[in-house]
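A quick write-up on the structure given underneath.
The values are calculated or read from the model by the stated rules, or taken from the named source; none is laboratory data. Only a predicted model underlies this, so the values are computations on that prediction, with no experimental measurement involved. Methodologically, a virtual Cβ is constructed for each residue, glycine included, from the backbone with ideal geometry; neighbour enumeration extends over all protein chains shown.
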Amino acid sequence: MHVLPRRSLLAACLSAGVMPSGARAESDVGASALNARARRKGLFFGSAVSDEHLKGDPALLARVDAEAGIVVGEASFKWADLHPEADRYDYGRADALLAWANARRIRVRGHTLVWHEGNPDWLEPSLNAANAEKLLTGHIKNVATHFAGKLQHWDVVNEVLQPDDNQPLALRQTLWLKALGPAYIDIAFHATKAADPSALRVINEFGTDYAMPWQERRRVALLALLADLLRRGVPVQAVGLQAHLDAGETTLDQKVLSRFIAEIAGMGLKIIVTELDVRDQRLPANVASRDTAVADHARAWLDAVLPNPAVLGVLSWGLSDRRSWLNDKFARADKLAQRALPLDVDLNRKKLWFAIAGAIDAAPARPTSS
Ligand code: G3I
């Protein structure tokens, strides 16, 4: 279900004398909060929420409630959590996030129905060419039906590209490609549409942010894959750009990025910034200089992306430095916690928060029909 900009939705409903279900009156959200700013432009802002925080960090959740209009489970909507055994589904964690969000009229996006990571131990050993389509469509049907009508988007497939694997369409050599060939992507999108036509169907990718050769290969590959999918009538509707940025990277070229966004939009596809964070792994330890570099880097990236009306909104991959995957996968040599997210460990707004706010404020308001 593509969300109408709040203003048009609100205007339409208020003119009919009713408050739209799911909308939040401006008055009940801090005027400066990120999602409040975003809604004024017909955008959204949101954040990933880990199961750990959902269960045990009420202070952080209160800030998510204040700043976000949409949330995504950091892991709770993946195969490992939802489908822990071949004949058993477990919706406990995902439904808990859904209930928390629904109680606050916050929307939810699903991440992700098909990936080469985040899978339960039983999956890969039991997958083969004979059972793969049944396993894939069975999972998608069960999960997307369970959440039907309740999610704004589904990341139907995640990180399917890997040009270095030298596979057709620069696809990553995954358990699904081995078992089904490139058609696994078609199968996934058609099965998702059949089970829940209301959720916007997204292909989610990383590594398309910088003017460096390996990322240019990924941009070219993604555009070619999208063209191929659309040509074959695969019902993809949007592209998720993960935007795991690196403040130590010097090859951010706003023209290259804007052109890439325009090419995706030119295909009639929407764009969502799905996992924004900015690692400071390569920066000196000084907190003030790290915060400034992270904020300036994010602002430059967002200023190249948000002006395109095909962009629907932004989610950060967590709201506070209390938790970030970056401290595992891209740990700093000095072991300092990275300052990659909008709020610090004490839930104070950092320069990155203001950079995101500024980029949203500077973005053009979406035409109400977008
Ligand atoms: O929930 C279990 C818990 O019961 C168990 O005690 C614990 C220790 O084994 O593991 C917990 O599951 C972990 C899960 O995060 C929830 O914390 C998994 O082992 C761990 O692999 C999982 O890592 C997540 C990873 O995706 C794989 O799903 C990261 O938190 C998450 O940040 C990361 O997010 C990905 C996006 O989905 C795709 N884009 C890249 C991004 C970063 O890798």
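General observations
- Flag set for Val345, criterion: assigned to a loop (DSSP other than H, G, I, E, B), over 21 Å from the mean Cα position of the chain (by Cα) and in contact (Cβ under 8 Å) with a residue 24 or more places away in the chain.
- The selection criterion, being of a type in the set (Ser, Thr, Tyr) and in a helix (DSSP H, G or I), holds for Thr292.
- Segment 280-320, residues that are crowded, with 24+ Cβ neighbours inside 10 Å and in contact with a Phe, Trp or Tyr (Cβ under 6 Å, 6 or more places away or on another chain): Gly313, Val314
- Per-region count, segment 306-318, residues within 21 Å of Asp280 (Cα to Cα) and either away from the ligand (no atom under 16 Å from the Cβ) or among the β-branched types (Val, Ile, Thr) (or both): 1
- From Asp296, Asp321, residue being away from the ligand (no atom under 16 Å from the Cβ) and acidic (Asp, Glu): Asp296
Table: residues versus (1) under 25 Å from Leu200 (Cα atoms); (2) under 19 Å from the mean Cα position of the chain (by Cα); (3) surrounded by fewer than 24 Cβ atoms within 10 Å (Cβ to Cβ).
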site: Ala38; (1), (2), (3): yes, yes, no
site: Phe45; (1), (2), (3): yes, yes, no
site: Ser50; (1), (2), (3): yes, yes, yes
site: Ala59; (1), (2), (3): no, no, yes
site: Ala62; (1), (2), (3): no, no, yes
site: Gly69; (1), (2), (3): yes, yes, no
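- Qualifying residue in segment 176-194 (condition: crowded, with 21+ Cβ neighbours inside 10 Å, modelled with pLDDT of 95 or more, acidic (Asp, Glu) and closer than 21 Å to Trp115 by Cα): no
- Set Gly313, Gly318: member being in contact with a His (Cβ under 9 Å, 6 or more places away or on another chain), under 18 Å from Val72 (Cβ atoms) and not hydrophobic (A, V, I, L, M, F, W, C): Gly318
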